[in-house]
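Let me begin by presenting the structure, written as structure tokens, before commenting on it.
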Amino acid sequence: MRSVPPGSTPRPPVQEPVLHIEGLVKRYGTKTAVDGLDLSAGPGVTAVLGPNGAGKTTTVETCEGYRRPDAGVVRVLGLDPVAEAARLRPRVGVMLQSGGVYSGARAEEMLRHVARLHAHPLDVPELIERLGLGSCGRTTYRRLSGGQQQRLALALAVVGRPELVFLDEPTAGLDPQARRATWDLVRDLRADGVSVILTTHHMDEAEQLADDVAIIDGGRVIAQGAPEELCRGDAQNTLRFSGRAGLDVGSLLKALPPGSEAAELAPGTYRVGGEIDPQLLATVTAWCAQHGVMPQNIAVERHTLEDVFLELTGKELRG
């Protein structure tokens, strides 16, 4: 499915940030939920991650115009989401966790209604088929399963061909097949020039889909960058292998390139850290051969986005 009108070409890339936040502050009584947050998002997919209570939901809802900031500047597609809501609303799609749908409305009826509000909507039957909603088109929203409600909320967010779409946990509660279909839809949106702000609790989802990742904690952005840049950081790849206990780790370390690390984590379990490349792997296996060691269970473990998240926040994502 393509999100541009038939016979037309995708929108040209937007050069300026689609989202710009500077010094955002939002309080609820005496509690400060967002504390001077700065965030900029360009074209493509930006994933916003953070533990519960970190301020990410408040930040996104402020960008969507549902909350007024107590201080700071928020611009979405260059517009104030509160003061210029009427101009911004036709250009933005929003997926809400609560669905935002009248409970008595039928799924297809609601989707066609929203499509008619836009000049160049997506093809509704194709979108229904793409998201697996065909069997529940005449079912009222309140009778849909949680996964069906989730897929309908996603369809409502994208059917108007927005320039920017906010997706809040788009695959929460979905089975693996529906989850992959959602990923493909997000990729199609990006390919057609639609920018996406994605909040998710799934680290693999952020790694698969995001061009840029912002990690929020304590009401501020504590790290931002491309997934591969964040995962690279100071922690390089790790090589692990098994062998007999008590190997001379010091001797192994001398054979490795400068800046490498080597340690016996547990009897017979070894870890080599540093810039893991084919040459280093060959050095480790050659050293083992010279010392009569048959290395087993050799594995290269890359620093993941989840590793970065836990190191930065010290919290489990759902904690």
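Scoring ILE197 on the criteria (1) part of a loop (DSSP other than H, G, I, E, B); (2) under 23 Å from GLY55 (Cα atoms) leaves a single failure, condition (1).
State all residues of region 203-249 that are small (Gly, Ala, Ser), outside any loop (DSSP other than H, G, I, E, B) and in the same structural domain as GLY23 (by TED's automatic domain parsing); if no residue qualifies, say none. The answer is ALA206, ALA214, ALA223, GLY225. In region 276-294, the condition of being touching a Cys at 6+ places or on another chain (Cβ under 9 Å) and either modelled with pLDDT under 95 or assigned by TED's automatic domain parsing to the domain that holds LEU247 (or both) is met by at least one residue. Exactly one residue among PRO162, PRO125 is at negative phi and either not assigned by TED's automatic domain parsing to the domain that holds THR46 or not in a helix (DSSP H, G or I) (or both), and that residue is PRO162. For ALA115, the conditions (1) surrounded by 20 or more Cβ atoms within 10 Å (Cβ to Cβ); (2) under 17 Å from MET95 (Cα atoms) all hold with the exception of (1). Just so you know, in region 187-205 the residues that are closer than 23 Å to THR58 by Cβ and hydrophobic (A, V, I, L, M, F, W, C) include one that is surrounded by the fewest Cβ atoms within 10 Å (Cβ to Cβ), and it is MET203.
Being of a type outside the set (D, E, K, R) and within 30 Å of THR269 (Cα to Cα) holds for only one residue in GLY250, GLY225, GLY193, and it is GLY250.
Residues in region 256-301 that are within 20 Å of ALA245 (Cα to Cα) and of a type in the set (Ser, Thr, Tyr): THR269, TYR270, THR283, THR285.
Restricting ARG87, ARG68 to residues that are surrounded by fewer than 15 Cβ atoms within 10 Å (Cβ to Cβ), part of a loop (DSSP other than H, G, I, E, B), modelled with pLDDT of 95 or more and assigned by TED's automatic domain parsing to the domain that holds ASP212 narrows the list to ARG68.
Only one of the numbered conditions (1) in contact with a strand residue (DSSP E or B) (Cβ under 8 Å, 6 or more places away or on another chain); (2) of a type in the set (Gly, Ala, Ser); (3) modelled with pLDDT under 95 is not met by ALA210, and that is (3). The condition (being surrounded by fewer than 18 Cβ atoms within 10 Å (Cβ to Cβ) and not charged (D, E, K, R)) is satisfied by just one residue among GLN150, GLN208: GLN208.
The values are calculated or read from the model by the stated rules, or taken from the named source; none is laboratory data. Model, not experiment: these values are computed from the prediction. Virtual Cβ from ideal backbone geometry, glycine too; neighbours counted across all protein chains shown.
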